[in-house]
1. Enumerate the strands (runs of 3 or more DSSP E) found wholly within segment 95-182, keeping only those where 1 or more residues are over 23 Å from Thr275 (Cα atoms), touching a residue at least 24 places away in the same chain (Cβ under 8 Å) and charged (D, E, K, R).
2. So Ala304 clears everything in (1) crowded, with 24+ Cβ neighbours inside 10 Å; (2) under 14 Å from the mean Cα position of the chain (by Cα) except one condition, right? Which one?
3. Which condition number in (1) in a loop (DSSP other than H, G, I, E, B); (2) surrounded by 24 or more Cβ atoms within 10 Å (Cβ to Cβ) is the one that Ala496 fails?
4. Out of Phe71, Phe53, report the one residue that is of a type in the set (Phe, Trp, Tyr), under 27 Å from Gly442 (Cα atoms) and surrounded by 18 or more Cβ atoms within 10 Å (Cβ to Cβ).
5. Would you point out the residue of segment 502-516, among those that are within 12 Å of ligand 1 (Cβ to nearest atom) and either of a type outside the set (Phe, Trp, Tyr) or assigned to a helix (DSSP H, G or I) (or both), that is farthest from Ala556 (Cα to Cα)?
6. Mind checking which residues of segment 415-431 are in a loop (DSSP other than H, G, I, E, B), more than 17 Å from Val309 (Cβ to Cβ) and within 21 Å of the chain's Cα centre (by Cα)?
7. Condition test on Gln592, is it in contact with a Gly (Cβ under 8 Å, 6 or more places away or on another chain) and more than 17 Å from Glu387 (Cα to Cα)?
8. Any residue in segment 256-285 that's without any contact (Cβ under 8 Å) to a residue 60 or more places away in the chain: show its pairings with residues that are more than 11 Å from ligand 2 (Cβ to nearest atom) and charged (D, E, K, R) at Cβ separation under 9 Å, as long as the two are six or more apart or on different chains.
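The values are calculated or read from the model by the stated rules, or taken from the named source; none is laboratory data. Keep in mind it's a predicted model, so treat the numbers as computed, not measured. Virtual Cβ from ideal backbone geometry, glycine too; neighbours counted across all protein chains shown.
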Amino acid sequence: MSETLENLLQETRQFPPPPELAASANVKEDAYAEADADRLAFWEKQARRLTWFKEWDQVLDWSNPPFAKWFIGGQLNIAYNCLDRHVEAGIGDRVAIHWEGEPGDTRTLTYSDLLTETKKAANALLELGVSEGDRVAIYMPMIPEAAVAMLACARIGATHSVVFGGFSVDALRGRIQDADAKLVITADGGYRRGAPSALKPTVDEAVADCPSVEKVLVVRRTGQDVAWSSKDVWWHDTVGNASGDHVAPALDSEHPLFILYTSGTTAKPKGILHTTGGYLTQASYTHWAVFDLKPESDVYWCTADIGWVTGHSYIVYGPLSNGATQVMYEGTPDTPHKGRFWELIEKYRVTILYTAPTAIRTFAKWGDDIPAQFDLSSLRLLGSVGEPINPEAWMWYREHIGGNRTPIVDTWWQTETGAIMISPLPGVTACKPGSAMRPLPGISAEVVNEEGKPTGGGYLALTQPWPSMLRTIWGDDDRFIETYWSRFREQGFYFAGDGAKRDEDGAVWLLGRVDDVMLVSGHNISTTEVESALVAHQAVAEAAVVGATDPTTGQAIVAFVILRGGADVSTNELRDHVAKTLGPICKPRQIQIVAELPKTRSGKIMRRLLRNIAEKKELGDTTTLQDATVMTLISEGMKTSTED
Ligand code: ATP
Ligand code: MG
């Protein structure tokens, strides 16, 4: 970005918290002042929400930046905090997980059940030769054993690396090799789109080139045939027969908890390393604060997969450390019908729903009549994560899912940050559709220019270390420093890679990846604002915008648009609509109507691939792409469409 980002989209709607929610909110306005007065004392207080076997001697060691240490000298066990202490406190009978398989089979696990399973799995891992400090790869469908596997690793101090169950052999192999995993935990398969989808053959193929792997632990989920080698052991034989007695050991606060690879939206995935005490402190606090969790009465549902950081922090560690009751669902939202999510909300009386903009835009595309067929009145709070949420998608979510009643928390964070950083507090903040609003108490973020000075529109930077920050990129300290800490080396700020603006009230608006910002006739224009303008047209469900090299303007705006079911509109009308909303400078040179957009497996739009299409270049790395045929369809459509 040469100058600053243009500020184009004006949004004046605002929704204050419902009075009852505000009155009984877990976190009130004073938290900001308290954290500002003494940030480290504030985080110490949040750390005390957990049970420590030994208290820390020092809160933060930032003497060797960018390598932070939190709660130095402290000792704790994450599985103990998520399970044992709740059972000891007498809530062992509370449901931890209402699990729903895609075919409709169900399981209910209380905190006692989950503790017993985790102790057995911990003993089984030890018997299989896994010990503190070893790495374990987890490649699983969304079944309770996935959470148990993570908790068992955390319990014995093995570092887990969860690989999303939809990834290919190459992706799995590369991640196992990068971490030198000793054990792989998997399943025969899981249910996806109405049929068993095999996992074990992918593991077999990957492990053939991974000499570090000694054993493969296999859960039987689908019952499909699997090849069997001398490395393979069944979960039901090992975990099933293991002892249910296990005392959680005290682990160092900086003990490596997990490695997780980023989604790969912009570049080759990075193995992000998170540790124990600081990570759990912030994951637990933010889950309680941002979702206003009332563990006795709420039924919480996060629709992410455990293969993403959202699944780590807001399915496993955050909710379980808070004693929450949650729904966990194995399958896709359209199986066996497009109302499946709403049916589950009605069935379990879900009160808090946390999902992604890509899902929200898909639901809007499928039609308002689908959620309208279900009783969603139990919902009291909605959350969004993963991409900027366009104001119109936010409004649709509020109206059609939230019954015009529920606050929406738009939560900005990354695999690297480990936990939510910028978000409304539902009992405090008057939310603006499309804005993540304000850094949470204890978090310092700024929108800065190239020189690291505060500005209205520019780069998002994190200006102080935070407890759940990444500690490094696994095995690559140099890439860690280069990627995140070199842009603002002088200031010592963390560079998030996202563009943002701050409005006159100080609210933060995320504007997409810095790499995606378009430079049109000397103006820096964010992809997000043009996409939001397109989505605000009643015919448009989803839009992706890129800057393509242009002989006259430097870059020109090219948009790819998915229409709502049954909608019909000319691309010229859409171009005029953008020009009217944002100004003539933003009028797309070309708009292509498409049936699908290229997305990562976590559902994020991959603009770098669209840019290559718009510029008629080679596609580049597509390994994290959800569906490669989408690209062929789009580029063929481009060839036949004419530019006007
Ligand atoms: P890679 O870093 O490999 O390109 P990725 O950035 O997609 O992959 P994640 O860590 O899963 O990997 O995603 C974090 C990114 O998602 C953020 O940097 C931001 O771009 C986007 N994001 C997440 N939540 C929000 C939000 N609420 N508003 C806007 N953007 C968001
Ligand atoms: Mg990223």
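1. Values: elements: 95-100, 106-110, 135-139, 159-162.
Answer list for segment 95-182: 95-100, 106-110.
2. Among (1) crowded, with 24+ Cβ neighbours inside 10 Å; (2) under 14 Å from the mean Cα position of the chain (by Cα), the lone unmet condition for Ala304 is (1).
3. Among (1) in a loop (DSSP other than H, G, I, E, B); (2) surrounded by 24 or more Cβ atoms within 10 Å (Cβ to Cβ), the lone unmet condition for Ala496 is (1).
4. Values: Phe53 fails: surrounded by 18 or more Cβ atoms within 10 Å (Cβ to Cβ).
The unique qualifying residue is Phe71.
5. Taking segment 502-516 first, the residues within 12 Å of ligand 1 (Cβ to nearest atom) are 508-516.
In the following step, the residues that additionally are either of a type outside the set (Phe, Trp, Tyr) or assigned to a helix (DSSP H, G or I) (or both) were identified as 508, 510-516.
Details: Val508: 27, Leu510: 22, Leu511: 18, Gly512: 17, Arg513: 17, Val514: 17, Asp515: 15, Asp516: 13 Å.
Ranking the qualifying residues of segment 502-516, first place goes to Val508.
6. Initially, segment 415-431 is screened for residues in a loop (DSSP other than H, G, I, E, B), giving 415-421, 423-430.
Those left that are additionally more than 17 Å from Val309 (Cβ to Cβ): 424-430.
Result: Pro424, Leu425, Pro426.
7. Values: in contact with a Gly (Cβ under 8 Å, 6 or more places away or on another chain): yes; more than 17 Å from Glu387 (Cα to Cα): yes.
So Gln592 fits the description; yes.
8. Between residues of segment 256-285 that are without any contact (Cβ under 8 Å) to a residue 60 or more places away in the chain and residues that are more than 11 Å from ligand 2 (Cβ to nearest atom) and charged (D, E, K, R), the close pairs are Ala267/Arg608; Ala267/Asp621.
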